[in-house]
Amino acid sequence: MLADSFGRVATDLRVSLTDRCNLRCAYCMPPEGLDWLPAPQVLTGEEIVRLIRIGVTSLGIREVRFTGGEPLLRRELESIIARTAALTPRPDISLTTNGIGLARRAVALREAGLDRINVSLDTLRPEVFRKLARRDRLPDVLDALSAAADAGLTPVKVNAVLMRGINDDEAVPLLAYCLEHGYELRFIEQMPLDAQHGWKRAEMVTATEVFESLSAAFALSEDSERARGAAPAETFLVNGGPARVGVIASVTRPFCGSCDRVRLTADGQVRNCLFARSESDLRSLLRGGASDEEIAERWQAAVAVKLPGHGINDPSFLQPDRPMSAIGG
Ligand code: SAM
């Protein structure tokens, strides 16, 4: 098991396949991009699958979510998913993506063993997409969503981050669009994880504001059927259900007490929290000939020291050195 000293057990592994991305979302990275990890530092497909196998067969991992950076930039994604799906016990396999290039790969990903998908979509206005993501790719994302639904990667979930003065007036249209197409929308509060350190608490659009905006157009009610468990999203029934909308209030209503996640970066570092200030190096063990047991022990030790909370609301909070794109969101 991957247990920490506060009684939490990590069963959900977030695997970053690359720190590279083909968008430049303003809440994530600067327009010019970042210094990407040098290729030799990035785990090979073989190394990634070995770590996932250790996690699944020895450490109680039940869910594997591939993310990044942009995981679709990894050409062997289908093969990594197929090898993950062949493990016993077979974990639940999901993907978080910006959707660019997904339309032509959705069926192959499904056939490889992908169970579910989250596609990021912050705006429905092409000019706002250009401003926020600094690329003109809105049609690709909308095509990705319908291709994912057609391929059976359901329920298709949509992740949206609202930024004040840019897309904070889009909560209602985004929900209307998702309801119309049968996608499940979740708003994520903007977190202090951008490479340029531009996050300001006072400017952040809060979960309460999102709820209030949506309530002007939709009847939102408590979702008593769905137990929240360790899920980051608090969900509400829309107009009596069955459609739902979620709000991930990482900053204003943290859910660290029920966190069951552990992260593996593209360069083979285990992080016990998005906001962790230290990491444990599994890549050097992998490449130094360590046994599965030695790797599992270091992984367990990394999780054991997980702090009770992310500390964003403490006056002494310090943003982690790695930005979101290099951790894996
Ligand atoms: N490239 C993929 C994508 O766009 O979904 C996967 C990686 S991205 C880092 C994962 C999710 O993190 C996206 O939904 C993105 O909107 C969200 N994200 C990135 N930076 C964030 C921030 N500072 N605060 C909140 N969410 C953020």
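Figures for the structure shown
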item: Whichever residue in region 114-130 is open to solvent by 10 Å² or more (accessible area, probe 1.4 Å) and without any contact (Cβ under 8 Å) to a residue 40 or more places away in the chain and, among such residues, is farthest from ILE93 (Cα to Cα); result: GLU127
item: Filter result (open to solvent by less than 60 Å² (accessible area, probe 1.4 Å) and in a loop (DSSP other than H, G, I, E, B)) within region 241-253; result: GLY241, ALA243, ALA249, SER250, VAL251, THR252
item: Counted residues, region 83-97 - those being assigned to a strand (DSSP E or B) and crowded, with 22+ Cβ neighbours inside 10 Å; result: 3
item: Which numbered condition GLY45 fails, given (1) open to solvent by 20 Å² or more (accessible area, probe 1.4 Å); (2) without any contact (Cβ under 8 Å) to a residue 60 or more places away in the chain; (3) more than 19 Å from the chain's Cα centre (by Cα); result: (1)
item: Residue within region 74-88 that is within 15 Å of the ligand (Cβ to nearest atom) and more than 28 Å from GLU297 (Cα to Cα) present; result: yes
item: Members of region 258-291 that are open to solvent by 40 Å² or more (accessible area, probe 1.4 Å), over 15 Å from ASP12 (Cα atoms) and not in a loop (DSSP other than H, G, I, E, B); result: ASP281, ARG283, SER284, ARG287
item: Condition check for VAL141: part of a helix (DSSP H, G or I), within 10 Å of the ligand (Cβ to nearest atom) and either in contact (Cβ under 8 Å) with a residue 12 or more places away in the chain or among the hydrophobic types (A, V, I, L, M, F, W, C) (or both); result: yes
item: ALA195 being aliphatic (A, V, I, L, M), more than 16 Å from the ligand (Cβ to nearest atom) and either touching a His at 6+ places or on another chain (Cβ under 9 Å) or part of a loop (DSSP other than H, G, I, E, B) (or both); result: no
item: Those residues of region 227-240 which are under 26 Å from ASP260 (Cβ atoms) and surrounded by 13 or more Cβ atoms within 10 Å (Cβ to Cβ), in sequence order; result: ARG228, ALA230, ALA231, PRO232, ALA233, GLU234, THR235, PHE236, LEU237
item: Where a residue in region 170-192 is closer than 15 Å to SER146 by Cβ and its partner, wherever it lies, is open to solvent by 20 Å² or more (accessible area, probe 1.4 Å) and within 14 Å of the ligand (Cβ to nearest atom), with Cβ under 6 Å and at least six apart; result: GLU184/LYS157
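The values are calculated or read from the model by the stated rules, or taken from the named source; none is laboratory data. All values reported here derive from a predicted model rather than from experimental measurement. Note: ideal-geometry Cβ built from the backbone for every residue, glycine included; neighbour counts use all protein chains shown. Surface areas here come from the heavy atoms of the whole protein model, side chains and all, with no ligands, DNA or RNA. Shrake-Rupley method; radii C 1.70, N 1.55, O 1.52, S 1.80 Å.
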